[in-house]
1. Can you give me the Cα centroid spacing of the stretch 121-146 and the stretch 12-84 in angstrom?
2. What distance in nm separates the simple spin-label points at L142 and E112, each placed 7 Å from Cα in the Cβ direction?
3. Return the distance in nm (one decimal) between the two label points of a simple spin-label model at T20 and L36, each offset 7 Å from Cα along Cα→Cβ.
4. Quick one: length gained pulling D87 to K122 fully straight, 0.36 nm per residue minus the C-alpha distance?
5. Starting from the Cα of T208, step 7 Å along the direction of its Cβ; do the same at R62; then give the gap between the two resulting points in nm.
6. Which of the trypsin sites (Lys or Arg not before Pro) across the stretch 83-177 are loop residues per DSSP, with 14 or fewer other Cβ within 10 Å?
7. Would the stretch 86-206 count as rounded, prolate or oblate if I go by the C-alpha gyration tensor, calling it rounded below 1.5 in a/c and otherwise prolate when a/b exceeds b/c, oblate otherwise?
8. Identify which of the listed values of Cα extents along the principal axes in Å was calculated from the structure shown: (1) 69, 43, 30; (2) 59, 39, 34; (3) 59, 42, 39.
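Rule-based calculations on the coordinates, nothing more; no lab input. These figures come from a predicted structure and were not determined experimentally. FYI the Cβ positions are ideal-geometry reconstructions off the backbone, even for glycines, and counts take in every protein chain you see.
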Amino acid sequence: MSLWHKNQRFLASTRGQIITLLRRSSRTVDELAQALGLTDNAVRAHLAALERDGIVQQRGVRRGSGKPASVYALAPEAEQLFPKAYDPALQQLLDVLSERIPADEVETLLREVGRRMATQWKIPRGELRVRLGAAIEVFNELGGMAELEACDGHSCIRSYSCPLAAVVPGHPAVCRLTETLLTELVGVPVQQHCDDDGSPQCCFTVATT
């Protein structure tokens, strides 16, 4: 089952319905209970679980004629549960770029994107292994599943999941983006040797210092 279908099943559950309501606007326990036909205690139990998962957060208090009521809203992380247009938008952008400018210019642009992305993280400037570990954490944060391995006498970053898998088959040059990103993060040249057939998997060899 795809992640999209799993998310749709979750959003159809009671907690998913709470998330959908809070996506429209922040609400109190009483407002959620009325909308869902549940008791206040049942709603509080669901909200407590969603708070523990970092999906819902309290955001102020609403004062009225009675006792002040806590207001609940979605945490920023909750947006990951909803479908996004990133993959198709990136696919179409790469299609247009490939049609309108030469391949070497597309690669230059992708490398520049990788360099700019790298500035969003601060990597400790210690030993190479420390920097590699931090870079792998960033790569996995972006959707990879990478580990540090030894490959023919070199260190290599091997990922069994590609963060850009949706566009790599049609635009393998996009791997230059991640190659440049990792080079900037690690501080030494990193060269990609990715398998872009079928389900793309990433492999980057690290230059010996």
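1. The stretch 121-146 and the stretch 12-84 have Cα centres separated by 35 Å.
2. Between L142 and E112, the label points sit 1.7 nm apart.
3. 1.2
4. 10.0 nm is the gain from fully extending D87 to K122.
5. 6.6
6. Counting only loop positions with at most 14 other Cβ atoms within 10 Å, the trypsin sites (Lys or Arg not before Pro) in the stretch 83-177 are K84, K122, R125.
7. Since a/c reaches 1.5 and a/b is larger than b/c, the shape of the stretch 86-206 is classed as prolate.
8. (1)
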